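See structure below.
The values are calculated or read from the model by the stated rules, or taken from the named source; none is laboratory data. Owing to the predicted nature of the structure, the values given are computational and were not obtained by experimental measurement. Virtual Cβ from ideal backbone geometry, glycine too; neighbours counted across all protein chains shown. Areas reflect the complete protein model, heavy atoms only, side chains present, ligands, DNA and RNA absent. Shrake-Rupley method; radii C 1.70, N 1.55, O 1.52, S 1.80 Å.
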Amino acid sequence: MQEGILSVRELTDQLRRTLEGRFPFVWVRGEVTNLTRPGSGHVYFSLKDADAQLQCVWFRHMQRQASQGFDPLTGEVFDSPRPSPLELLRNGMDVLCAGRITLYAPRGQYQLVVELVQPAGEGLLAQAFEAAKRKLAALGYFSAGRKRPLPDNPQRVALITSPTGAAIHDFLELAARRGSGSRIRLFPSLMQGAEAAPGIVRAMEEANAQGWAQVIVLVRGGGSLEDLWAFNEEAVAEAVFRSRLPVLAGIGHEVDVTLADMTADMRAATPSHAAQLLWPSRDELMQRVDEAEAALARAALRRLETAGQELARCEGALRWFSPARRLGRLTEQLDERQRSLYRAARQWLSAVETRRERLEGALRGAFSAERLDVLAGRLQMFSAGLQAALPRMLEARGQRLDGAGQRLHAAAGALLAHSERNFEKLDMALAAASPLAPLQRGYALVRTAEGDVLRSVGSAAPGSVIEVRLADGSLGAVVSHVRPDRAQSCHVPPQAAPAGGKNGEDC
């Protein structure tokens, strides 16, 4: 068991060897980001697209492009040297990078060791490719919504390729070892040159016209951009787009991407990969059968276990609801309740007995001879103390009562004297304010017959009846004449003067 356990370093070395052996040289296209130029001269950056990101390192000893006068991607020769990509490299730039994939052990991440950097889109063929790509994209050729899924393990396949190329041998060799057996019909065509594109279009039309196949497979081996240019022709892309059958394209190597690849319903990295996408490995199929058999056995076992559990549950329920079982349960409940009642009665009787004994003990303690003697002694002591303290208390209370009576008598005498003085003052003030007091000095109070006080001679006309009040009685009289006092009449208001205005004229 211990022999199969790898250390982190051993596993990392194996992964690095696998990556370097599988990807000894690849082209990758992406947008530059996280560009770093440390003092060592090495360049570190990342290539990214919409879905992924790749770490890259461009070592100093591999940066040999400054004086090149040709395009290493297309072989195009320039009249004068072009600026080095090292000088033009910047964040956000779309580039093509070539190099090998390796694994950087200290961080445990894979990266691309760059050997060549090429700005994307340069060269006449690349420019034409980009122009056609934009045109077809605008027409919806590359839309993911229109692409159809491939049939699962197809039995009838239309193969479009060269009958003499290496691609057909790779495809047929892998197809013979995969799937559950299928028929492949070859539609031969040139894969390179001026006649390649028309031949591919005719083969696509023939495969669709026969309607025999379930899927069309278009494969070709690797090559340069010029070798694969037939698959960048708009006629080929249109034939793939208009195909009624699903199209699987496996053209060139993994880094070779053509318009036919992008238009096809699915793209394979290589012709061999196309066969892998169409048919699963027979070992995988056998494994699926084994897994299905094991799953079926597990499902049957689970079903039997579930059925057994359900049967046991039903048996238990049947026994539980049987009359004999119900009678037994009721008997058990009755016995349990009888035992509970017996326990409760015993507990109650025990509690009552305990309480009775406690009360009896308390009663005996409260009325025992010793207790009564103690209480009698305490009563005698309290009685003697009370008899000794009572005369002193009565004497003290009598002294306090005598003092309070003296203080009350003095306060009452002072209050009466004060009240008498106030009464005399009030009596004198009342006598001085009485209207009858002046009568004692010889004055008289005159009223009209109606009882109003007569204050002016102008209020009594000759012949009117008046009453004269004196100190010892009153007199009835009749006014014989009116003689106003001259000095006082000058101050009589006009409304109080007699009619005729003579008084006013005398003034």
Margin query: Run the Debye formula on the Cα coordinates of the stretch 340-494, all scatterers equal and no solvent, and tell me log10 I(q)/I(0) at q = 0.09, 0.10, 0.15, 0.16 1/Å.
Written below: -0.72, -0.79, -1.03, -1.08
Checklist line | Cβ charges +1 (Lys, Arg) and -1 (Asp, Glu), total dipole of the stretch 298-339, debye | finding: 120 debye
Notebook entry, point to check: What share of all Cα pairs of the stretch 155-235, in percent, falls into each consecutive 5 Å distance bin?
Noted result: 3, 15, 25, 24, 18, 10, 4, 0
Checklist line | Virtual paramagnetic centre 7 Å along Cα→Cβ of ALA235, amide N under 17 Å, in the stretch 252-284 | finding: 259-260
Item checked: Vicinal HN-Hα couplings computed from phi for the stretch 175-189 (Karplus, 6.51 cos²θ - 1.76 cosθ + 1.60; Hz; Gly/Pro x) -> 5, 5, 9, 10, x, 10, x, 8, 9, 10, 10, 8, 10, x, 6
Checklist line | Base-10 log of normalised Debye intensity for the stretch 315-396 (one unit scatterer per alpha-carbon) at q = 0.14, 0.19, 0.24 Å⁻¹ | finding: -0.77, -0.92, -1.05
Margin query: What percentages make up the Cα-Cα pair-distance distribution of the chain when the bins are 20 Å wide from 0?
Written below: 12, 21, 11, 6, 7, 9, 15, 16, 2
Notebook entry, point to check: If you count, for each residue, the other Cβ atoms within 10 Å and average over each peptide, how do 159-172, 460-473, 361-374 line up from highest to lowest?
Noted result: 159-172, 460-473, 361-374
Item checked: Residue-by-residue Karplus 3J(HN,Hα) for the stretch 6-14, coefficients 6.51, -1.76, 1.60, Hz, glycine and proline x -> 9, 7, 4, 5, 5, 5, 5, 4, 5
Check: About the Cα centre of the chain, what is the dipole size in debye to 20, counting +1 per Lys and Arg Cβ and -1 per Asp and Glu Cβ, all else neutral?
Finding: 2520 debye
Note to self: Once each part is reduced to its C-alpha centroid, what is the distance from the stretch 389-430 to the stretch 196-223 in angstrom?
What the structure shows: 144 Å
Notebook entry, point to check: Using alpha carbons only, what's the Rg to Rh ratio of the stretch 351-398 with Rh from Kirkwood?
Noted result: 1.41
Next item on the list: For the stretch 101-253, compute Rh as the Kirkwood radius over C-alpha pairs and then the Stokes-Einstein diffusion coefficient at 10 °C and 1.306 mPa s; write the answer in µm²/s, rounded to an integer.
Entry: 91 µm²/s
Next item on the list: Can you tell me what the convex hull of the Cα atoms of the stretch 366-433 projects to on average, as an area in nm²?
Entry: 8.3 nm²
Checklist line | Point-to-point label distance, GLU206-ALA345, nm (Cα→Cβ direction, 7 Å offset) | finding: 11.0 nm
Next item on the list: Please give every one of the aspartates and glutamates within straight-line cross-link reach of LYS135, meaning a C-alpha to C-alpha distance under 13 Å, and leave out same-chain neighbours fewer than 8 residues apart.
Entry: GLU233, GLU234, GLU238
Notebook entry, point to check: Amide H to amide H, which residues 5 or more places from LEU248 or on other chains are under 5 Å from it, using H placed in the peptide plane?
Noted result: ILE216, VAL217, LEU218
Margin query: Ratio of alpha-carbon Rg to the 2.2 N^0.38 Å globular estimate for the stretch 269-328, to two decimals, please.
Written below: 2.39
Checklist line | Calculated FRET value between ASN153 and ARG298, using beta carbons and R₀ = 25 Å, to 0.05 | finding: 0.50
Next item on the list: Give me the aspartates and glutamates in straight-line cross-link reach of LYS48: C-alpha distance below 16 Å, same-chain residues under 8 apart excluded.
Entry: GLU31, ASP94
Margin query: Probe of 1.4 angstrom, ligands and nucleic acids ignored: what's the accessible area per residue over the chain, in square angstrom?
Written below: 67 Å²
Note to self: Output wanted: per-residue J couplings in Hz (rounded whole) for the stretch 128-137, from phi through Karplus 6.51 cos²θ - 1.76 cosθ + 1.60, θ = phi - 60°, x for Gly and Pro.
What the structure shows: 5, 4, 5, 5, 5, 4, 5, 5, 5, 5
Check: Where does the charge balance sit around ARG371 when Lys and Arg score +1, Asp and Glu -1, over other residues with C-beta under 15 Å from its C-beta?
Finding: -1
Item checked: Net length gained if the chain between LEU386 and ILE466 were fully extended (0.36 nm per residue, minus Cα distance) -> 20.1 nm
Margin query: Stokes-Einstein diffusion coefficient for the stretch 116-189 at 4 °C in a medium of 1.567 mPa s, Rh from the Kirkwood formula over Cα pairs: what value in µm²/s?
Written below: 81 µm²/s
Next item on the list: Find how many whole Å separate the alpha carbon centroid of the stretch 115-192 from the alpha carbon centroid of the stretch 366-383.
Entry: 125 Å
